Amino acid sequence: MREFKMFKNMKYTAVAACALGATSGLSAGTLDDVKAAGELACGVSEGVSGFSNPNSDGVWEGLDSDVCRAVAAAVLGDGDAVRFVPLASKQKVLAVSSGQVDMTSRTTTWTMKRDSAEGVDFTAVVFYDGQGFMTSTQIGVSSAKELDGATVCLTTGTTTELNLADFARANNLSIEPVVFEGKREAVEAYASGRCDALTTDSSQLASFRAGFADPSQHVVLPEIISKEPLAPLVAHGDNQWKDIVTWVVYGLISAEELGVTQENVADMAANSGNPSVQRMLGSSGNTGGMIGLESDWMVNAITAVGNYGEIYKRNLTDTLGLERGVNAQWTDGGLLYAMPIR
Amino acid sequence: MSKQKRIASKTPFAPKIGSIVLQTIILGIVLAIAYLLFANTQQNLSAKGIKSGFDFLWEEAGLPIGDTLIEYNPSRGYGYAFLVGILNTLLVSFLAIIFATILGVLVGVSRVSNNWLLSKCAAIYVETLRNLPLLLTLFFVYTVVLAALPHPKEAIEIAQGYYLSNRGVYLPRPIAQQGFGIFLSAVAVALGVGLFFWRWSIQYKHRTGRTVSGFWGGFAIVVVISSLAYLAAGNPVSSELPIYKGFNFRGGLSLKPEFTALLVGLVIYTAAFIGENVRSGIQSVHAGQIEAANALGVPRGVVVRKVLLPQALRVTIPATTNDYASLVKNSSLAVAIGYPDMVSIGGTIIGQNGQAVEIIAMWMAIYLTINLVISFVMNIVNSRAQIAER
């Protein structure tokens, strides 16, 4: 689905690329711009719970919002110096390539086409998403491979239907699809018992599940049948800025690996004997200086939002009940593998 | 006819050289714009690297379809998948036209009925249904269908092999056994004899003036011969019963809730319009004719069949042709409630390969063809219903 929306941007991309070519000589670089403005313009969604969604007080919450805060804290020393810019799906790439925002952190799938041909660069994956299934606990299924003969509700899109058909064929399952135009209709049909299962990106399943009257009646199955790596993106060509966003994300992931939390970060910075922790938190060497930031860049970022594990738990596990799954550290059998900070 | 021709040649606007030149120029401009649009589209598509042409119809579709009339699996081509959609569109349109006509006639007749309650009920029905957007009606019907019926585990069993659940209506699937061919030929013969008897009865009446009940006689012939043949062939048809297994019923025939909801929605919506056509047809017949027939002591049924209907049809048919065309086009709302019609499947194909121009052209061609066929058939019916001028 995401790829199809991206496709519509093609004609804007050319315009944006021209505009970019004309201004890049004048621009002093995003880092200087952000420092001059005193705030980070960060593109987020119009409201996807768990990722970026304003709460009842108008404060943006979610994993993507917290990535924005971490970058602002690392760059400006203040995690609240973020101007959140809600972007429609079709704007999310253009807003970055045209310079409307300094970065976008908005459930955007890292694809070759976007990375190469649309004037943006992806930084580091913050969430490995993929198409999954949700079923009612009453039918007693623990794996999507047990769905032989089941009816599955889904929405029409580029890959959702294709992935389902491929999965069914690969596992020799007979699955009856009921395809809806709108998400709401699909979810309602599932809720009313028309379908045994609902399929879409698993993070969205968790979000829908949280919206049901009794979420404990529904379970998201462990199988993920497509790859949707979600990563923040920056404009193509500003390597320093790309490095900053990339390494802040790696820093958040490393912090979890090294046991640095929002609570103990000050203590760790002062007292930790672990050289990796010392380098990351700036108590030895100057990793911040390598990317044009102060030496306490990660102390600020972790103080603002916590490490990756804390961010994930706060936004996805506690509110949506989403387990870590493939988004666990590589040491726990997950895919998160931050490059070493040294 | 010849009179009209003479009038035409005398009109002051008879084509002259100047106007012919003007018309040629305008036609040329229209054609040039059409060509420009076509060439421009082609150029833009190739500039964006979007393929054009219909080669994709043979590429593997890979998309799943839930409700198909013909055998389908995702390894079939896009063209075949689209055909599945066309057949679904045709099936739902065909059935909806038949049922909407029946219901529409009932509603129209009820509206002009002398029974106060009946006519008010019909009026409320018409005013409600035709003033609500069809999409809303479809959502409503679909929600009601799903909410009213139980999970297949607790399916309502009407008779053995007949189940009603929120996964649809499940029926036994008839399977031809040995002797089915013999049985089928016997039925064909019975139909032939029955029809012959019916025609004979009409001729007999013309010749002698005496009435033989031709229709019912013929019907009886068909039923008797067919049943005898069925027994003689020794149960030529067996049935595969749907059996609940795992998540749902397996085997048997099924009517999916999406199909049922779409059919019901289209029928009740269109019937409101057809009902109004029927009412206007009936009211267009001069009351004096009915009174005259009544005064002559013609039975009530005959008055309706021989005096009222033939004249009412002249007004009703042309308007109803429009409603049939609307019904076919309205069936494209299927995608909203998850029925895999031509638009739903075509939309998925566009999502997968981006060849929107071709798919939209195919949609237009199919809808145009269906509606031209309906127009053609209805025009024949219409010309028969009109007064045969001598």
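For the residue pairs A:Lys145/A:Lys227; A:Lys183/A:Lys242; A:Lys113/A:Lys242, the alpha carbons lie more than 23 Å apart in A:Lys183/A:Lys242. Our helix-only sum for chain A, with -39,500 (n - 2.57) per DSSP H run of n ≥ 4 divided by its residues, gives a mean residue ellipticity at 222 nm of -11000 deg cm²/dmol. Between the beta carbons of A:Asp332 and A:Gln240, assuming R0 = 51 Å, the FRET efficiency works out to 0.95 to the nearest 0.05. Mean residue ellipticity, 222 nm, helices only, chain B: the sum of -39500 (n - 2.57) across DSSP H runs of n ≥ 4, divided by residue count and rounded to 500, is -22500 deg cm²/dmol. The aspartates and glutamates within cross-link reach of A:Lys313, meaning a Cα-to-Cα straight distance under 17 Å and a gap of 8 or more places when in the same chain, are A:Glu61, A:Asp64, A:Asp66, A:Asp129, A:Glu256, A:Glu257, A:Glu263, A:Glu323, A:Asp332.
If R0 is 35 Å, the Cβ-Cβ spacing of B:Trp116 and B:Glu154 corresponds to a FRET efficiency of close to 0.25. Both numbers refer to the Cα atoms of segment A:131-226; Rg and Dmax are 11.8, 34 Å. The count of lysine pairs in chain B whose Cα atoms are under 22 Å apart, excluding pairs fewer than 8 places apart on the same chain, comes to 6. Considering only A:Asn300, A:Asn271, A:Asn239, give the residue with the highest GNM mean-square fluctuation for chain A, with springs between Cα atoms whenever their separation is below 10 Å. The residue that fluctuates most here is A:Asn271.
Placing dummy labels 7 Å off each Cα toward the beta-carbon, the span from A:Lys227 to B:Lys16 is 7.6 nm. The ranking of A:Thr317, A:Thr30 by Cβ neighbour count inside 10 Å, starting from the fewest, reads A:Thr317, A:Thr30.
Using a ≥ b ≥ c from the Cα gyration tensor of the protein assembly as shown (square roots of the eigenvalues), is it rounded, prolate or oblate, where a/c under 1.5 gives rounded and otherwise the larger of a/b and b/c decides, a/b for prolate? Prolate shape, in that a/c is at least 1.5 and a/b is the bigger ratio. Averaged over peptide B:254-263, the number of partner chain Cβ atoms lying within 10 Å of each residue's Cβ comes to 1. The GluC sites (Glu not before Pro) found in segment A:31-78 that occupy coil by DSSP, while having at most 14 further C-beta atoms within 10 Å, are A:Glu46. Modelled spin labels at B:Glu59 and A:Thr261, positioned 7 Å past Cα toward Cβ, are 5.2 nm from each other.
Each of B:Leu36, B:Leu90 was scored by other Cβ atoms within 10 Å of its Cβ. Listed from fewest to most, they are B:Leu36, B:Leu90. Between the amide H of A:Val120 and those of A:His236, distances stay under 5 Å, these residues lying 5 or more places away or on another chain, with hydrogens modeled in the peptide plane. Averaged over the residues of B:58-68, the number of partner chain Cβ atoms lying within 10 Å of the residue Cβ comes to 5.
Counting only DSSP beta bridges whose two residues both lie in the protein assembly as shown, roughly 70 percent are antiparallel. Taking chain B as a Gaussian network of alpha-carbon nodes connected by springs under 10 Å, the highest mean-square fluctuation of the residues B:Val377, B:Val298, B:Val315 belongs to B:Val298. Backbone N atoms of segment B:291-314 closer than 17 Å to the 7 Å Cα→Cβ label point of B:Ser383 belong to residues B:314.
Only the coordinates and a few stated rules stand behind these numbers; no lab work does. Predicted model only: the values in this text are computed from it and were never measured. Don't worry about glycine lacking a Cβ; one is built from the backbone with ideal geometry, like all the others, and counts go over all protein chains shown.
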